[in-house]
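Visitor: Handing you this structure, nothing more for now.
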Amino acid sequence: MDVKSAFLNGFIEEKVYVRQPPGFESAKFPDRVYKLRKALYGLKQAPRAWYARLKSLLLKSGFVMGSVDKTLFLLSRGGDTLIVQIYVDDIIFGSSSHALVSSFAEQMSREFEMSLMGELQFFLRLQIKQGLEGTFVHQAKYTRDILKKFNMVQTHQQGLDADEDGEAVDQKEFQGMIGSLLYLTATRPDIQFAVCLCARYQASPRTSHRQVVKRIFRYLKFTPELGLWYSSGSSLLLRGFSDADHAGCRIDRKSTSGTCQFLGTSLVSWSSRKQASVSLSTTEAKYIAAASCCSQLLWMKATLSDFGLRFEKIPLLVDSTSAISVAKNPVLHSRTKHIDVRFHFLRDHYEKGDIDLVHVASENQLADIFTKPLEFGAFVRLRGELGVEGVDNALIKGEIESQWTGLIALLV
């Protein structure tokens, strides 16, 4: 549902005065001003006032606010649950009971002027297809829109670094491309690493950087329908994968951390991020990546507790026995004392039983796709295991491989 003119519904506590609108001045008191009781668009208080109004209404109706996510509200009635998620004036909600859904919709319609959209199909440029077997989330329309916006053509280039001697390109256009692609990674983890790598050169983009971004667009041109599949039969086992390359950045030799988190077979969170400091070894790089993954798992654990889910010893899968030993064995800390102390909380939470460090073979390390370019076969395999699916077209499958192979040649 969508609330019409949402910000006009918020009551403000501060004293705010406005001039009489031109053409609507009072003939009796033309020099007076209005004292506001409700918010207006443009006021800094408007978003906060609207949220306070909506929050108050939901809490009075028996909803419980999420302990971590303050835009999440839950209502339990006789074994059924109604879940409400707020994004400014857009509200998505679902329940195990049709009666709860109808009651909530009627209550909101009485309180505000609403537009009831029906079943969730499109939200914040995400397209959602729901079925008995699961839910498919993709951004096919958005992908086609940005391809059209930036008018992509095929280009060729070798290598990717600062390219200080290269020809400079329009920084605003390049940043627009990166911004569009970063939003697309909400349903396309397969391009996360490539996009984040290109994003490092936004301050001084060159022709070579723009050509790599174009290659990403060409890959998207042949795969616009790919998205994330969430099976209704998936378990609710929380687990995480973490990996890192070593000194992968050509400029400062810093490593890249890659992490992803699953609920059963469903991918719900992922990241590809350059580490803040230079790692002296592969062990150190992967230890830092595991600490980052641990932090995300703990946040998810706290968030999921609002849904009544409890987890002990969350599996964190790492493909480095040395990195696992650093976390488990305090004797080895003498060789890693230079590592920032904030990363050693990994060992603390291992000892508390919050997480369980588990070794996984390198070929089964799903986070590998977020740390470095992969050859096409490995890339497609990991992409599938992440749950990225779509309607394959045999006629363009060869072209997809060609475009990805070309992109890898630019990144390595």
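Visitor: Consider residue 19 carefully, then state whether it is open to solvent by 40 Å² or more (accessible area, probe 1.4 Å) and in contact with a strand residue (DSSP E or B) (Cβ under 9 Å, 6 or more places away or on another chain). Spell out the reasoning first.
Guide: Details: open to solvent by 40 Å² or more (accessible area, probe 1.4 Å): yes; in contact with a strand residue (DSSP E or B) (Cβ under 9 Å, 6 or more places away or on another chain): yes.
Here the answer is yes, as residue 19 does meet what is asked.
Visitor: Out of region 178-188, which residues are open to solvent by less than 50 Å² (accessible area, probe 1.4 Å) and under 21 Å from residue 249 (Cβ atoms)?
Guide: Correct list: 178, 181, 185.
Visitor: Take residue 11 and decide whether it is open to solvent by 40 Å² or more (accessible area, probe 1.4 Å), touching a residue at least 40 places away in the same chain (Cβ under 8 Å) and closer than 27 Å to residue 309 by Cα.
Guide: Spelling it out, it is not the case that residue 11 is open to solvent by 40 Å² or more (accessible area, probe 1.4 Å), touching a residue at least 40 places away in the same chain (Cβ under 8 Å) and closer than 27 Å to residue 309 by Cα.
Visitor: Kindly list the number of the only condition in (1) at pLDDT 95 or above; (2) assigned to a loop (DSSP other than H, G, I, E, B) that fails for residue 85.
Guide: The failed condition is (2).
So that you can scan it fast, the table gives a plain yes or no per residue for (1) within 22 Å of residue 121 (Cβ to Cβ); (2) surrounded by 14 or more Cβ atoms within 10 Å (Cβ to Cβ); (3) in contact (Cβ under 8 Å) with a residue 40 or more places away in the chain:
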{"position": "66", "(1), (2), (3)": "no, yes, yes"}
{"position": "71", "(1), (2), (3)": "yes, yes, no"}
{"position": "91", "(1), (2), (3)": "yes, yes, yes"}
{"position": "97", "(1), (2), (3)": "yes, yes, no"}
{"position": "102", "(1), (2), (3)": "yes, no, no"}
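Visitor: Still on this structure, please answer the following. Which one of these does residue 324 not meet: (1) crowded, with 16+ Cβ neighbours inside 10 Å; (2) within 20 Å of residue 193 (Cα to Cα); (3) not small (Gly, Ala, Ser)?
Guide: (2)
Visitor: Every residue in region 105-130 that is of a type in the set (A, V, I, L, M, F, W, C), in a helix (DSSP H, G or I) and either without any contact (Cβ under 8 Å) to a residue 40 or more places away in the chain or in contact with a strand residue (DSSP E or B) (Cβ under 6 Å, 6 or more places away or on another chain) (or both), please. If you could, list the steps in order and put the result at the bottom.
Guide: Step one: of region 105-130, the residues of a type in the set (A, V, I, L, M, F, W, C) are 105, 108, 112, 114, 116-117, 120, 122-124, 126, 128.
Of the ones still in play, those that are also in a helix (DSSP H, G or I) are 105, 108.
The answer is 108, and nothing else.
Visitor: Something else now. When residue 382 is evaluated against the numbered criteria (1) more than 17 Å from residue 326 (Cα to Cα); (2) open to solvent by 40 Å² or more (accessible area, probe 1.4 Å); (3) not charged (D, E, K, R), which criterion, by number, is the only one it fails?
Guide: Failing condition for residue 382: (2).
Visitor: Also: Would you confirm, using the coordinates I've provided, whether residue 58 is crowded, with 18+ Cβ neighbours inside 10 Å, closer than 17 Å to residue 107 by Cβ, at pLDDT 95 or above and within 28 Å of the chain's Cα centre (by Cα)?
Guide: yes
Visitor: Just one of (1) touching a Ser or Thr at 6+ places or on another chain (Cβ under 7 Å); (2) closer than 16 Å to residue 288 by Cα; (3) open to solvent by 10 Å² or more (accessible area, probe 1.4 Å) trips up residue 344, so point out which.
Guide: Every listed condition holds for residue 344 apart from (1).
Visitor: Among the candidates 322, 334, single out the residue that is in a helix (DSSP H, G or I), hydroxyl-bearing (Ser, Thr, Tyr), more than 26 Å from residue 250 (Cα to Cα) and modelled with pLDDT under 95.
Guide: Exactly one residue qualifies, and that residue is 334.
Visitor: For region 112-152, what are the residues that are touching a helix residue (DSSP H, G or I) at 6+ places or on another chain (Cβ under 8 Å), surrounded by 14 or more Cβ atoms within 10 Å (Cβ to Cβ) and within 18 Å of residue 3 (Cβ to Cβ)?
Guide: 112, 114
Visitor: Is there a residue in region 198-207 that is assigned to a helix (DSSP H, G or I), of a type outside the set (Gly, Ala, Ser), open to solvent by less than 20 Å² (accessible area, probe 1.4 Å) and more than 23 Å from residue 367 (Cα to Cα)?
Guide: no
The values are calculated or read from the model by the stated rules, or taken from the named source; none is laboratory data. Computed from a prediction, not measured in an experiment: that's the story for all the values here. Because the Cβ atoms are built from the backbone with ideal geometry, glycine has one as well, and the counts that use them run over all protein chains shown. Remember, those area values only see protein heavy atoms, side chains included, never the ligands or the DNA or RNA. Shrake-Rupley method; radii C 1.70, N 1.55, O 1.52, S 1.80 Å.
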